[in-house]
Amino acid sequence: MVKLTSQLSHSTRIAQTVAALQSHDNPDVCALSKLITSAWSTQLAEERQRQALKSKTGPKPKGTGAAGCAACRGAHRVHTCV
């Protein structure tokens, strides 16, 4: 399944289109659209939570210590490893 970002969801309205298929005559289409809608809703909620944590003022959460993360190496950057 493809990961859906909030920008993609907002600009294409794909989530609303797939959700509308839940009332389709074919039960297989209904079941699949419910599964996709549920997965995308979870992904969007997680993304919004990550974005809220990044934009929060005050001390930022500690990273994982990943070698590719500039913040973990001491630079004044947003953690990319969280």
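Among the residues of segment 2-24, what is the count of those that are assigned to a helix (DSSP H, G or I) and either modelled with pLDDT of 75 or more or on the phi > 0 side of the Ramachandran plot (or both)?
As a first pass, look at segment 2-24 and keep what is assigned to a helix (DSSP H, G or I): 6-12, 14-23.
Then drop every residue that is not either modelled with pLDDT of 75 or more or on the phi > 0 side of the Ramachandran plot (or both), which leaves 14-23.
The number of residues fulfilling the criteria is 10.
Considering only segment 23-58, how many residues are among the β-branched types (V, I, T) and within 30 Å of V78 (Cα to Cα)?
From segment 23-58, those among the β-branched types (V, I, T) are 29, 36-37, 42, 57; that's our starting set.
Filter once more, so that each one left must be within 30 Å of V78 (Cα to Cα): 42, 57.
Residues flagged as among the β-branched types (V, I, T) and within 30 Å of V78 (Cα to Cα) within segment 23-58 amount to 2.
Please work out which residue is surrounded by the fewest Cβ atoms within 10 Å (Cβ to Cβ), limiting yourself to segment 25-59 and to residues that are at pLDDT 85 or above and not in a helix (DSSP H, G or I).
It comes out as D25.
The values are calculated or read from the model by the stated rules, or taken from the named source; none is laboratory data. Since the structure is predicted, the reported quantities are computational estimates derived from the model, not experimental observations. All Cβ positions, glycine included, derive from the backbone under ideal geometry; neighbour counts span all protein chains shown.
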